[in-house]
Structure formats: C-alpha cells, structure tokens
Amino acid sequence: MTFTEFYPFYLSQHADRRCRRTHFIGSTGALLALAAAIVTANAWWVLVALVFGYGGAWIGHFFYEHNRPATFKQPWLSFKADWVMYWQMLTGKVSF
C-alpha cells in the first residue's frame with residue numbers, strides 16, 4: 001500500500017476532533033522532549049518523547065474514536081501520516 005492510498009484511511013480513523021487533538025498534544029510533547037534530549041544530552045528524554053507520542057495517540061483512539069490505532073497494522077505509514085496530519089492541523093488544512 002502506498003502512502004497516498006493509506007492517508008485517506010488514516011484520516012478516517014481520526015474523525016473525532018478530540019482524537020486529533022490528543023494526537024496533536026502528544027506529538028507536540030514528543031517534539032519538546034526530543035528537543036530536551038538534544039539540549040541536555042540526556043537520552044531519558046527520548047523515552048519521554050515515546051510516551052508522549054504514543055500516549056496521546058492511544059488516549060485519542062481508545063477514549064474518543066473507540067478503534068485500534070493504525071500503528072498496530074501499518075507502523076511506518078502511520079508514523080508518517082501522523083506527522084502529515086500534525087502539519088496539516090498546524091496549517092489549518094485539517095481542523096484542530
């Protein structure tokens with residue numbers, strides 16, 4: 001499956017705005033934690049980044065969408081799609 005084929009499915013799994021918001025918050029936390037890892041040279045921040053990133057996504061899916069994250073079946077396409085959706089939320093193409 002190509003990314004172009006996968007992305008519409010990915011968006012359909014994030015129809016609930018609250019799910020997209022928890023993804024956005026988790027991804028932002030992950031970016032900040034990665035920045036902290038670089039600034040402090042402390043690798044523990046990478047673990048924090050993973051907890052933020054996956055935690056935000058899983059909360060959104062289990063509590064709001066009531067579906068399984070696409071990461072379980074398509075991890076690499078989902079990872080890319082999450083960042084595309086994040087950028088599109090920042091730029092207003094996908095509603096926040």
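For a quick check of your reading of the model, give me the residue pairs whose first member lies in segment 85-96 and is farther than 17 Å from residue 13 by Cβ, whose second is surrounded by fewer than 12 Cβ atoms within 10 Å (Cβ to Cβ) and at pLDDT below 95, with beta-carbon atoms closer than 7 Å and at least 6 apart or on different chains.
none
Just need a number here: residues in segment 64-83 that are free of Cβ contacts under 8 Å to residues at least 24 places away in the same chain and more than 15 Å from residue 24 (Cα to Cα).
Selection size over segment 64-83: 7.
When you look at residue 14, is it crowded, with 17+ Cβ neighbours inside 10 Å, in contact (Cβ under 8 Å) with a residue 40 or more places away in the chain, within 11 Å of the chain's Cα centre (by Cα) and in a loop (DSSP other than H, G, I, E, B), yes or no? Working first, answer last.
On the way: crowded, with 17+ Cβ neighbours inside 10 Å: yes; in contact (Cβ under 8 Å) with a residue 40 or more places away in the chain: yes; within 11 Å of the chain's Cα centre (by Cα): yes; in a loop (DSSP other than H, G, I, E, B): yes.
Criteria met by residue 14.
Answer yes or no as to whether residue 77 is within 24 Å of residue 4 (Cα to Cα) and either assigned to a helix (DSSP H, G or I) or at pLDDT below 95 (or both).
Taking the combined requirement at face value, the residue satisfies it.
From the list 23, 66, which one is within 22 Å of residue 95 (Cα to Cα) and over 11 Å from the mean Cα position of the chain (by Cα)?
Unique residue meeting the criteria: 66.
Identify, from the list 54, 64, the residue that is under 18 Å from residue 15 (Cβ atoms) and among the aromatic types (Phe, Trp, Tyr).
Within the list 54, 64, the selection yields 64.
Which pairs do you get when a residue that is surrounded by 12 or more Cβ atoms within 10 Å (Cβ to Cβ), found in segment 17-46, comes within reach of a residue that is aromatic (Phe, Trp, Tyr) and modelled with pLDDT under 95, reach meaning Cβ atoms under 7 angstrom, with the pair 6+ apart or on two chains?
Listed by first residue and then by second, the contacts come to 20/96; 21/96; 24/96.
The values are calculated or read from the model by the stated rules, or taken from the named source; none is laboratory data. Everything numeric here is computed off the predicted structure, so don't read it as measured data. Backbone-built Cβ (ideal geometry, glycine too); neighbour counts: all protein chains shown.
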